[in-house]
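This report concerns only the one structure given below.
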Amino acid sequence: MSKNENESVSSRELAEKYNSDYVKILGDFKLDCFKRSTSLTVYRYMRYKWAKNLIESKKISFADPATWEDPFEKRFVCGDYEQSGFKKKQIAAFCVTTEHGENESAFWRQFDMENRHDLVQLTFDFDVLIKSLSDFAKKNNAKVYVSPCKYDYTSEEIKNNSKIQKVYKTIDEESFIELACLKRRAFKYENELRIFMYGEKLPIEGGRLNIPLKGKLLKTLKVCPNPSVEAFVSNDFVREMLQERLGIRVEKSHLYDEVSKFKFSRGK
């Protein structure tokens, strides 16, 4: 992993801090320390209107994986495990990335293929997120699983039942979550972290599970390069509403800003 040891925390350390009857950290990954502080962060790209709804409602929306459009993404989480003797419970997922800027350009393009220029990158406080989810899981007799995606397989291998079953010979709750995190090798740049709510009687409605937030989840909001005025009303409006009224730091991506002309100086 490429993260600086002094500016990140490993999943082993996270497990020591967060593992409980209601939370389980799986896999191998690292989280950023926010601006070298003790706060840990994860990141999410989404359209501004959905970010605004998250902030105003003070709820985070998990999706039933059955509603995901990509059939590869939901192949295992929505699979048939009857012959294995494993009985699935209800499941809802929220996907984030552990990388702040390493693949920023790819993310802006991937999530805005229609060129609406209305995306934002949200920086979440991991501690606030996990504590809110843990409280919800306790109340609903559920469990929170946090696991990185595994990018070990090609598209053809993902479709090959026998190849997958040579690795996963038996299925229990944790191996099911690991299967739910298998992604195609082509998406390795995403460094995706999947957070699942898993239980018998989750209040999922219309394919969504809305979970109340306790505390200040959002640390910063970064506006996409060349933002659409129609989408954001104006940069001043975003800054006034979020930064001044709610205390959320607002930034703008400088990924494609103009730069000065390079001039080689003798003796440098």
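Checked against a 23 Å cut-off, the cross-linked pairs K17/K131; K58/K219; K49/K138; K87/K169 give Cα-Cα distances beyond that limit for K49/K138. Quick one: go through region 37-78 and flag any residue whose amide nitrogen is under 19 Å from the point 7 Å out along the Cα-to-Cβ line of D127. The answer is 37-43. The residues of the chain expose, per residue, 57 Å² of accessible area to a 1.4 Å probe. Roughly how tilted is helix 48-57, in degrees to the nearest 10 and between 0 and 90, from the longest Cα axis of the chain? Compared with the principal axis, the helix lies near 70 degrees.
Relative contact order of region 11-218, taken over Cα pairs closer than 8 Å and 6 or more residues apart, is 34 percent. Label-to-label distance, R249 versus K201, with points set 7 angstrom from Cα along the beta-carbon direction: 4.3 nm. Determine the shape class of region 72-144: with a ≥ b ≥ c the square roots of the Cα gyration tensor eigenvalues, call it rounded for a/c under 1.5, and otherwise prolate if a/b is greater than b/c, oblate otherwise. It comes out oblate by the Cα gyration axes. Fully extending the segment from N53 to K263, taken as 0.36 nm per residue of separation minus the present Cα-Cα distance, adds 70.9 nm.
What FRET efficiency, computed as 1/(1 + (r/R0)^6) with R0 = 25 Å and r the Cβ-Cβ distance, is obtained for K169 and Q90, rounded to the nearest 0.05?
On the way: r = 25 Å, r/R0 = 1.01.
After rounding, the FRET efficiency stands at 0.50.
Please list log₁₀ I(q)/I(0) at q = 0.15 Å⁻¹ for the chain, using the Debye equation with identical point scatterers on the alpha-carbon positions. Listed by q, the Debye log ratios stand at -1.21. Beyond a 29 Å Cα-Cα separation, which of these cross-linked pairs lie in this structure: K89/K166; K30/K59; K188/K222; K139/K183; K24/K150; K3/K159? Long pairs (Cα-Cα over 29 Å): K139/K183; K3/K159. Put a dot 7 Å past the Cα of S61, heading toward its Cβ, do the same for K159, and the two dots end up 3.2 nm apart.
Test of understanding: extend the Cα→C-beta vector of K214 to 7 Å, then name every residue of region 109-133 with backbone N under 18 Å from that spot. It comes to 125-133, nothing else.
As a test of the formula, what do you get for the chain when each DSSP H run with n ≥ 4 contributes -39,500 (n - 2.57) and the sum is divided by the residue count, at 222 nm and rounded to the nearest 500 deg cm²/dmol? Please list the in-between numbers first.
On the way: 9 runs with 66 residues, N = 268.
So the helix-based figure for the chain works out to -6500 deg cm²/dmol.
Of the solvent-accessible surface of the chain, computed with a 1.4 Å probe and all protein chains present, 47% belongs to carbon and sulfur.
When you count the other C-beta atoms within 10 angstrom of each residue and take the mean per peptide, 204-211, 22-29 line up highest first as 22-29, 204-211.
Distance between the C-alpha centres of region 78-148 and region 166-208: 9 Å, rounded to the whole angstrom.
The values are calculated or read from the model by the stated rules, or taken from the named source; none is laboratory data. These figures come from a predicted structure and were not determined experimentally. We place every Cβ from the backbone using ideal geometry, glycine too, and count neighbours over all the protein chains shown. All accessible areas refer to the heavy atoms of the entire protein, side chains included, with ligands and DNA or RNA removed. Shrake-Rupley method; radii C 1.70, N 1.55, O 1.52, S 1.80 Å.
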